[in-house]
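Reading through the structure tokens given below for one structure.
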Amino acid sequence: MPIRDQAAKDKALSDEELVAELQRHMDADRFGVLYDRYSALVFQKCLGMTRDRDLAKDLTHDIFLKAFVNLGKFDHRSKFGTWLYRITYNYCLDHLRKAQRRRTDDIDEHPVKDGLADDRYEAELLALRAERLGAVLEALDPEDRALLLMKYMEDLSVKEMMEVLELGESAVKMRMLRARERALGKYRELYPEEA
Amino acid sequence: MSENPFKIIRPTDQVPDDLKKDVMGSVKFVMLLIRFVQLFMADYSASVFDSVRLTGRTDKDPRPPDRGNNTP
């Protein structure tokens, strides 16, 4: 088949069909179609987490390479986008943790009580001024930052977050609650005059 | 209600143009490595099996004469 026809055919395939083809036969050009579809999302996610354009570029490169090497492990139980998002999240988080070399608190995964589901901190967090929110996010633990970005910047549902984080619903809600609490704590530390 | 501040600070930067070239170059290099490893492993296993000789008895092996029943 002529190369141009093959490229047009690949572009018409869904993500999962493309991955299935790649699992049968490795093909760099076919992987390029997946790159074109997801590079902006991955790059912006990395940029959101690192706030460093050069670093985000390096991380995006590594994430796509990691995805390519691990394509054989994709089991088609989730969407390809979710699977790639999970790699992105874990890779960025690992990198930031190593870079910061700071202790992360163990997160308690007890079930969330019903009353906590209605998060009282959300309104307060969403009322922050954008430039101050940026400073708060910068000062936060990478994991908390990633969770807040997932929820409020990328509008992931709890179900999608459960898939990305490979956690149960109550654990996701508990982590979100803690992340919001810590974000507001940082805000009060940074801007005591407004607290 | 005010706008979600997370949306305001959302990065809108475009992906660097040269990144695709870098990624595809690395992908092709990895493919080359995988092919090389596959080739090496295929030869390696073939060479291992070449040096293995089956010594177990099979039905097609010539049987020695049955010494117990040679009386007419």
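Every number here is computed from the coordinates shown, using simple stated rules; none is lab data. If you're wondering where the values come from, they're calculated on a predicted model, not measured in any experiment. Don't worry about glycine lacking a Cβ; one is built from the backbone with ideal geometry, like all the others, and counts go over all protein chains shown.
Just list whichever of A:LYS57/A:LYS173; A:LYS151/A:LYS186; A:LYS45/B:LYS20; A:LYS57/A:LYS98 have alpha carbons separated by over 20 Å in the model shown.
The answer is A:LYS57/A:LYS173.
Just for the Cα atoms in the range A:46-85, what are the lengths along the principal axes, largest first, rounded to whole Å?
33, 17, 8
Treat the count of other C-beta atoms within 10 Å as a stand-in for reagent exposure and order B:MET41, A:MET49 from fewest to most. Intermediate values should be presented prior to the final figure.
Details: B:MET41 10, A:MET49 25.
So the ranking, lowest neighbour count to highest, is B:MET41, A:MET49.
Membrane-span-like helices in chain A: DSSP H runs reaching 20 Å or more (Cα, own axis), mean Kyte hydropathy at least 0.0? Let's see the in-between values first.
Values: long enough: A:28-50 (29 Å, 0.22); A:53-69 (24 Å, 0.15); A:80-100 (30 Å, -0.49); A:169-190 (31 Å, -0.84).
Passing helices, by number: A:28-50, A:53-69.
Would you mind checking the radius of gyration and Dmax of the range A:1-98 based on alpha-carbon positions, in Å?
Here Rg and the maximum Cα pair distance are 14.1, 47 Å.
If I take every Cα pair under 8 Å that is 6 or more residues apart in chain A, average their sequence separation and divide by the length, what percent do I get for the relative contact order? Show your work: numbers first, answer last.
Details: 145 pairs, mean separation 40.4, N = 195.
Averaging sequence separation for qualifying contacts and normalising by length gives 21 percent for chain A.
When A:HIS76, A:HIS61, A:HIS95, A:HIS25 are ordered from fewest to most other Cβ atoms inside 10 Å of their Cβ, what list results?
Working: A:HIS76 11, A:HIS61 21, A:HIS95 18, A:HIS25 7.
The order, fewest Cβ neighbours first, is A:HIS25, A:HIS76, A:HIS95, A:HIS61.
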